[in-house]
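The values are calculated or read from the model by the stated rules, or taken from the named source; none is laboratory data. Keep in mind that what you see is a predicted model, and the values were worked out from it rather than measured. Here the Cβ positions follow ideal geometry from the backbone for every residue, glycine too, while neighbour counts run over all protein chains shown.
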């Protein structure tokens, strides 16, 4: 039984300029990034590569967005794709390294052969995606009004680079939701039935680093994050290793309709669902693997009683960013049952990683309580 895979070679650079020189970015390379990153870090270097700015095509990645980018930047001479950005940029780049993709939905539904014919180099510029070390790409499927995930080994990056400099200008809102997303990755992977002693090492370390960092930020102020941003970046990668091997479950599964229907960013949508799912897990089987998680969280939060640990954790997270009711995003009460049915029908890949099985009615009740 396979226990752990870490596919990309991981490097660290103090400055982006060092990375660009080491990897010799130039002609024949396609760089998927954001214009503000290009202006600050890439334009001064006069790199002779093709650049694609993701935000010119919309917000969260969709199959239609990827199709448009693919058609505009299709270049048979391109041998390498660089993804320099957050989860959206990385998800797009992972599809662009595949051969003969003209319809992204066909790829996600595995209706065509999945063949990788370009090298993929990833530089994360948020501290949450973990996608720099996983074989997973997520996209909104416009026709289905939800998100789908594709998990195949062809999507593993070949190289990953950690460059803390690129995160120093990350606005606090994006820092908050991306790092909470990393925490959720680590927590969901920890209780997954696919977890093992190797993945647990990465989960635990990520949980500890993120919570310790939040405590310091709450004590010293939001700007202190720049002093410890590398800790969050590394923790995100640790969490990526954990969930890339053990998987994530119902939190992600229930968040996808919210992102697909109402365009709620991935990390933000996950945060709205997070503790609601884990409270149900804890009620259904408090004496299994979750008991170890509860004790870990209690120890890190400095409380003696882990009985109400998810309320206590939520109190901490709300000091970083405020959780909202689902209706704030436009969700309608009659969509509770529609979303629950959609999760059961379309997210079995994720639901297989649940700590305990959740019925369709239990999923609907989670939505109802969060509504």
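Data table
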quantity	calculated
Failed condition for residue 132, given (1) under 18 Å from residue 92 (Cβ atoms); (2) in contact with a helix residue (DSSP H, G or I) (Cβ under 7 Å, 6 or more places away or on another chain); (3) surrounded by fewer than 23 Cβ atoms within 10 Å (Cβ to Cβ)	(3)
Residues located in segment 147-171, provided they are within 23 Å of residue 183 (Cα to Cα) and either in a loop (DSSP other than H, G, I, E, B) or modelled with pLDDT under 95 (or both)	147, 148, 149, 150, 151, 156, 157, 163, 168, 169, 170, 171
Selection count, segment 11-21, where residues are under 23 Å from the mean Cα position of the chain (by Cα) and loosely packed, with under 15 Cβ neighbours inside 10 Å	1
Lone unmet requirement of (1) in contact with a strand residue (DSSP E or B) (Cβ under 6 Å, 6 or more places away or on another chain); (2) surrounded by fewer than 15 Cβ atoms within 10 Å (Cβ to Cβ) for residue 106	(1)
Residues (crowded, with 24+ Cβ neighbours inside 10 Å, free of Cβ contacts under 8 Å to residues at least 60 places away in the same chain and closer than 30 Å to residue 345 by Cα) located in segment 196-241	203
Residue in segment 114-125 that is surrounded by fewer than 18 Cβ atoms within 10 Å (Cβ to Cβ), at pLDDT below 90 and over 20 Å from residue 49 (Cβ atoms) present	no
Index of the failed condition, residue 311 passing every other in (1) surrounded by 13 or more Cβ atoms within 10 Å (Cβ to Cβ); (2) touching a helix residue (DSSP H, G or I) at 6+ places or on another chain (Cβ under 8 Å); (3) at pLDDT 95 or above	(1)
Contacts under 9 angstrom Cβ, first residue in segment 282-306 being closer than 25 Å to residue 357 by Cα, partner surrounded by fewer than 12 Cβ atoms within 10 Å (Cβ to Cβ), 6 or more apart	284/357; 298/304; 298/305
Selected residue (only one of 241, 264, 248, 234 is within 27 Å of residue 8 (Cβ to Cβ) and in a loop (DSSP other than H, G, I, E, B))	248
Segment 141-155: number of residues that are closer than 27 Å to residue 79 by Cα and surrounded by 22 or more Cβ atoms within 10 Å (Cβ to Cβ)	2
Meets criteria (part of a helix (DSSP H, G or I), in contact with a helix residue (DSSP H, G or I) (Cβ under 6 Å, 6 or more places away or on another chain) and over 15 Å from residue 317 (Cα atoms)) for residue 276	no
Segment 242-280, residues that are buried (at least 24 other Cβ atoms within 10 Å of the Cβ) and farther than 27 Å from residue 167 by Cβ	249, 250, 253, 254, 257, 260, 277, 278
Odd one out for residue 72, checked against (1) surrounded by fewer than 24 Cβ atoms within 10 Å (Cβ to Cβ); (2) in contact with a strand residue (DSSP E or B) (Cβ under 9 Å, 6 or more places away or on another chain); (3) in contact (Cβ under 8 Å) with a residue 24 or more places away in the chain; (4) within 30 Å of residue 261 (Cβ to Cβ)	(3)
Qualifying positions in segment 27-51 - more than 18 Å from residue 167 (Cβ to Cβ), surrounded by fewer than 13 Cβ atoms within 10 Å (Cβ to Cβ) and out of contact with any helix residue (DSSP H, G or I) (no Cβ under 9 Å at 6 or more places or on another chain)	27, 43, 46, 48
Top-ranked residue of segment 314-323 - restricted to ones that are within 21 Å of the chain's Cα centre (by Cα), in a loop (DSSP other than H, G, I, E, B) and in contact (Cβ under 8 Å) with a residue 60 or more places away in the chain, ranked as surrounded by the most Cβ atoms within 10 Å (Cβ to Cβ)	320
Residue list for segment 324-337, restricted to those being crowded, with 16+ Cβ neighbours inside 10 Å and in contact (Cβ under 8 Å) with a residue 40 or more places away in the chain	326, 329, 331, 335
